[in-house]
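S.K.: Below: one structure in structure tokens.
The values are calculated or read from the model by the stated rules, or taken from the named source; none is laboratory data. Remember, predicted model here, so these are calculated numbers, not experimental data. Note that we place each Cβ from the backbone using ideal geometry, even for glycine, and neighbour counts take in every protein chain shown.
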Amino acid sequence: MSAYPHPQPHPSAVAERRPPKFVALAWAGLILGIVGVVGSPVIIVNNITAIAAAVGFVLGLIGFFGTRKIVAGIGVVLCAAAVVITVLVQKNVVDELDRISRDVGASFDAAPTDVGSAPSLPAPSPVDEIAQPETNERNYLPMNVGDEAWTGPVGDEGGGSGTSFTVDRIELDPGCDAYGLPPESGHTLVLHVRVATGDDQMSAMDAAGVLNPYNFVEIDSSGVSHRAEFGTCTAPEKALPMNFGVNQKYSGTIELVVPEASGTLALDPGTLINGPAGWEWTY
């Protein structure tokens, strides 16, 4: 036995030789905490970074029981802060959107409802009050410019569900508006039309289909019918709307291209059953 005692290791050396524990989790919690804090003010990505911060919070708690307590503790604090900041930012955004929605709604409520500048159009007249002429040899109703025509459900004797329309003027070869294009051949006809709908939605929708530029036919002096084409001479904003609502009034133009400068213009929707085929005007 040696007379000299064996030297004992210093306590700090024992601590240094202690195997690391949960070091990776502590650093992962710290990194996710930094990512969460950086991304929390960004509304587009803060949901993702908040989830990452929540994961980092759990990893930091586990890492706190390891050998990198300070690193894990900082990660836990950063992750918690990231989640809190994200919640506050999103709450502020929701509150701001609610405020904008209320302001917009209030502006619509306060908007003036005076429509005094709207065109004064006749209300739909009952069908029995409209003097409908007899059909001609082509089964069309001859009309004069300014006459009121009516279309509506079959059997609606009162006419309150139908739609009335009037061709007030037929303009021949007007000057084109800005960016308008005259036809390469033929003549431009611009029909100035007024419409008043009744209380039946299907009737209003059918009337919009009837007053379609492609439903018009020109009958020349020799009796030959030519399908009218759609014109592009006048500005689109002047055109009659393509859809009609119930109990409403409209005014606008229908632009056509026809071969002859004068003749007979027929509106033939091809959908009327057990009645006239359509209407015709001489221009």
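Here is a yes/no grid of residues against (1) closer than 30 Å to Asn247 by Cα; (2) modelled with pLDDT of 80 or more; (3) among the hydroxyl-bearing types (Ser, Thr, Tyr):
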| residue | (1), (2), (3) |
| --- | --- |
| Ala54 | no, yes, no |
| Cys79 | no, yes, no |
| Val83 | no, yes, no |
| Val89 | no, yes, no |
| Arg102 | no, no, no |
| Ala123 | yes, no, no |
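S.K.: Can you name the residue in segment 36-51 that is assigned to a helix (DSSP H, G or I) and in contact (Cβ under 8 Å) with a residue 24 or more places away in the chain and is also surrounded by the fewest Cβ atoms within 10 Å (Cβ to Cβ) among such residues?
M.R.: Asn47
S.K.: Could you name every one of the strands (runs of 3 or more DSSP E) located completely within segment 206-275 that has at least 2 residues being of a type in the set (A, V, I, L, M), in contact (Cβ under 8 Å) with a residue 60 or more places away in the chain and surrounded by 17 or more Cβ atoms within 10 Å (Cβ to Cβ)?
M.R.: Details: elements: 216-219, 225-227, 249-258, 264-267.
Answer list for segment 206-275: 249-258, 264-267.
S.K.: Moving on to the next point. For segment 167-194, which residues satisfy the criterion of being outside any loop (DSSP other than H, G, I, E, B) and at pLDDT below 95?
M.R.: Listed by number, the list holds a single entry, Leu181.
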